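Structure, as structure tokens:
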Amino acid sequence: MHAIKLDRYDSQKRKAGLWSNRHRGGGNWELSCGSSAKGQVYGIDSPELQDSLRNLVRRAREPDWWQRYEGVVDDPLGDYLTQVELASALFSWNPNAVPGLLQTRAYARAVVEASRAWKTTDDIDHFVDLRMEHQAKMAARTPPLRFWAVIPEGVLRQEVGGRPVMREQLQHLAALAADEPNITIQVLPLSAGAHAGMDGPFIHLTFPAGPDVIVIESMRASLHMNQAISVEQYRTTGDLLKTEAQTRQAFVCLLTSIAKDLA
């Protein structure tokens, strides 16, 4: 029999490490694997969580699905994709673009091309394919991810990719808001003026067990924070943005109006 110890940012067993520290506030747990197949998880009493941890250990030994996209996925992006897969809820504030999980293929390609982070057509194609596959996997997961986004009105009026591309994106957002009960989308109107989110974009991830995580991303860097004081500050910012934003119904009405203007 041999023992496996998993730490949070162990690059070889990242998924399981994330869960172990969320459950125990930064410590480690130990899983002994023997010929009896199931193995024993020490330090955790819940049978359901033990089963979840065993599954994560099995997955940690397998290549992540995004490793097929060699050259476009670095460690920060891989960590983010792992965390989103484990999360039960996600709040997104991005004053620059529609959140990636809500983008159409054409809109995503226009954003990636404009960022100039990837210079070759193949790399751009691979990253857009990655984003679309991530969307499909999240849409198919059970239980579904509870997704809440506040989008500035200016982002909805920015003609990313041209008028036809933006009109398709707006129609896609309207369909998601109307048809997907796990997705809530609000718009922050231009009339809101100065608002709580002016410090910049962030993502707030909530998990079935353990502390929440705040993700702040830029073109080539990613900051992940789970300190209680930081999480609470961003939770408050998110709550204020939700309060300042228009309702779901108003969002759909605004999308319809802007889409007509783009026709």
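The values are calculated or read from the model by the stated rules, or taken from the named source; none is laboratory data. Quantities reported herein were computed from a predicted structural model and do not represent experimental measurements. Positions of Cβ are backbone-derived with ideal geometry, glycine not excepted, and every protein chain shown enters the neighbour counts. Ligands, DNA and RNA are stripped out before the accessible areas are found, and what is left, the full protein with its side chains, is counted by its heavy atoms. Shrake-Rupley method; radii C 1.70, N 1.55, O 1.52, S 1.80 Å.
Checking each residue in segment 178-193 for being surrounded by fewer than 16 Cβ atoms within 10 Å (Cβ to Cβ) and either at pLDDT 95 or above or within 28 Å of Glu85 (Cα to Cα) (or both) picks out Ala178, Asp179, Glu180, Pro181, Asn182. Scanning segment 213-234 for residues that are in contact (Cβ under 8 Å) with a residue 60 or more places away in the chain and out of contact with any Pro (no Cβ under 6 Å at 6 or more places or on another chain) gives Val213, Val215, Glu217, Met219, Arg220, Ala221, His224. When the residues of segment 67-102 are filtered to those that are farther than 27 Å from Val150 by Cα and not acidic (Asp, Glu), the one that is surrounded by the most Cβ atoms within 10 Å (Cβ to Cβ) is Val72. Filtering Arg109, Arg105, Arg116, Arg141 for residues that are within 22 Å of Gln186 (Cα to Cα) and among the basic types (Lys, Arg) leaves a single hit, Arg105. Taking residues in segment 235-263 that are open to solvent by less than 40 Å² (accessible area, probe 1.4 Å), and partners anywhere that are aromatic (Phe, Trp, Tyr) and assigned to a helix (DSSP H, G or I), the pairs with Cβ atoms closer than 9 Å and at least 6 places apart or on different chains are Ala245/Phe251. If you go through segment 195-209 and keep only what is open to solvent by less than 40 Å² (accessible area, probe 1.4 Å) and either in contact with a helix residue (DSSP H, G or I) (Cβ under 7 Å, 6 or more places away or on another chain) or at pLDDT below 95 (or both), you end up with Ala196, Gly197, Gly200, Phe202, His204, Leu205, Phe207, Ala209. For segment 85-120, taking the residues that are over 15 Å from the mean Cα position of the chain (by Cα), modelled with pLDDT of 90 or more and of a type outside the set (A, V, I, L, M), the one that is nearest to Glu232 (Cα to Cα) is identified as Pro95. The helices (runs of 4 or more DSSP H) found entirely in segment 159-263 that carry 1 or more residues being within 19 Å of the chain's Cα centre (by Cα) are 163-179, 228-244. Taking each residue of segment 153-170 that is among the hydrophobic types (A, V, I, L, M, F, W, C) and looking for partners that are in a helix (DSSP H, G or I) and open to solvent by 90 Å² or more (accessible area, probe 1.4 Å) with beta-carbon atoms closer than 9 Å, six or more apart or interchain, yields Met166/Arg157. Every test in (1) open to solvent by 20 Å² or more (accessible area, probe 1.4 Å); (2) modelled with pLDDT under 95 is passed by Ile124 save one, and that test is (1).
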